1. Does Leu387 fit the bill of being of a type in the set (A, V, I, L, M), surrounded by fewer than 17 Cβ atoms within 10 Å (Cβ to Cβ) and under 17 Å from Glu24 (Cα atoms)?
2. Go through the stretch 295-351 residue by residue and tally those that are of a type in the set (S, T, N, Q) and farther than 23 Å from Tyr283 by Cβ.
3. Which of the residues spanning the stretch 64-114 are acidic (Asp, Glu) and touching a strand residue (DSSP E or B) at 6+ places or on another chain (Cβ under 9 Å)?
4. Only residues that are assigned to a strand (DSSP E or B) and within 21 Å of the chain's Cα centre (by Cα): list them for the stretch 82-123, please.
5. What are the pairs, 6+ residues apart or on separate chains, where a residue within the stretch 392-406 that is part of a loop (DSSP other than H, G, I, E, B) has its Cβ under 9 Å from a residue that is small (Gly, Ala, Ser) and modelled with pLDDT under 85?
6. If the requirement is being under 30 Å from Met232 (Cα atoms), of a type outside the set (Ser, Thr, Tyr) and outside any loop (DSSP other than H, G, I, E, B), which of these qualifies: Glu19, Glu11?
7. Filtering the stretch 287-334 down to residues that are surrounded by 14 or more Cβ atoms within 10 Å (Cβ to Cβ) and basic (Lys, Arg), which residue is nearest to Ser263 (Cα to Cα)?
Amino acid sequence: MTLINIYALTEDKEDEIKEQFYEELQRTQDRVPKHDIIIIMGDMNAKFGKEKVFSQAIGRHTLHNISNENGEMVANYAISNGMFLISTNFQHKKIHIGMWISPDHQTINQIDHVMVSKEKMRLIHDVRSKRGYNCDSGHFLVQIKIKQKLITVNNRQTQKYKWDRQLFNQKEKIIKYQEKIQSKLQEIEEETDINQDWQNLNCTRKTIHPTYMDTGEKQFEQVNSFKYLGAMVNTDNSIEEEIKERIAAGNRAYHVHKKLFTSKLISRNVKLYNTLIRPTVKYASETWVLKENMINKLMIFERKIMRKILGPTRLDDGYWRIKTNQEINDILKGQNIIGFIKKQRLNWLGHVERMAEDNNVQKINRWKPMSKRPIGRPKKRWDDDVLEDIKSMNVRNWKNLAQNRDRWKKVVEQARTLNRL
């Protein structure tokens, strides 16, 4: 069993420094023998919410509702390594889930966590904080209960008994054997009564009554979000959850092909990433509206995967260091995932512009709602985001260009070559 104790960076640190920290943690974990049980624990400065995106790495019993940036980075790290935040998997009172209290003695956060591989989750039976002990710190003592079976090796050879099958040829032995089995079964039936045991159980079940929309012929359940053709659709019309889902899918894809990426028989280059990882992340990205925080998350994900595929850089003095952001950008030749998504959106824009007027996609694209918009700054629309890219390329009279497929294709290819986005 290998225990890795970490102290993660706080939320206000630069993203490049955080990437270096988790890259160093990855290198430390890769040096652990494969047969060892790896438990990563410590102050991760990460808040985990109840988002469905990270449900395969985070349990239901968390103190927070929304994950912060550190929480998303730790969750993606766990997904890419097939691990689980076991500290969020046990139900306790809120005072026993909180791990740190602020200096004002009012705010309690759950930022100390325990992470273990999914295959070894059964070894940890409980994780909770112990508030009674004075550690002279804002952090509470965290108690972890681990039950590991020790294998006892017995060098003495025990005598093995074999069934004498010839005795079954004697009718008297067969009858006697059947009588003993029948008597044993009767004793079991007398001792246990299933119906009585079921009545003795005090089970409480929380029933949730979903709401339905009746159209006359069919009933449709009303939900806040659902997945359609592999993409998330929600009531807020927000693309952030979809992007988080695609990043998590990219981490799962890396974990599945991890042996391929670390194999010495295959050369490590950008083609592996472009073939196996990027298509998973960019699925249905033609309809995305990219905000600055989402662009930052996508870039962090791409740099992390590229560092894992390409490995560290060897210095002249024999030491190794991780590749910087500029080095990764030079290897990609400036064609990062953001530029690729924006170019794909331009391609889709030309396709929509060439559609007939009676096409449903064209109707939805040109439709304008008649109701009043809510108070506050309006959300950025897909058209506005794509038109900003066209202005940055100095493309004029783009609607006429889009009508000609070949001319519009040259515009998209020009954007790929010049990398102006």
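1. no
2. Of the residues in the stretch 295-351, 5 are of a type in the set (S, T, N, Q) and farther than 23 Å from Tyr283 by Cβ.
3. If the condition is that a residue be acidic (Asp, Glu) and touching a strand residue (DSSP E or B) at 6+ places or on another chain (Cβ under 9 Å), then Asp112 is the only one that fits.
4. Residues satisfying the conditions are Met83, Phe84, Leu85, Asp112, His113, Val114, Met115, Val116, Ser117.
5. Met393/Ala415; Val395/Ala415
6. On inspection, the qualifying residue turns out to be Glu19.
7. Lys308
Here is a yes/no grid of residues against (1) farther than 30 Å from Ser80 by Cα; (2) assigned to a loop (DSSP other than H, G, I, E, B); (3) among the basic types (Lys, Arg):
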site	(1), (2), (3)
Ile295	no, no, no
Ile309	no, no, no
Leu346	yes, no, no
Val352	yes, no, no
Asp358	yes, yes, no
Arg377	yes, yes, yes
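The values are calculated or read from the model by the stated rules, or taken from the named source; none is laboratory data. As the structure is a prediction and not an experimental result, all values here were calculated from the model. As a convention, Cβ positions derive from the backbone with ideal geometry for all residues, glycine included, and neighbour counts pool all protein chains shown.
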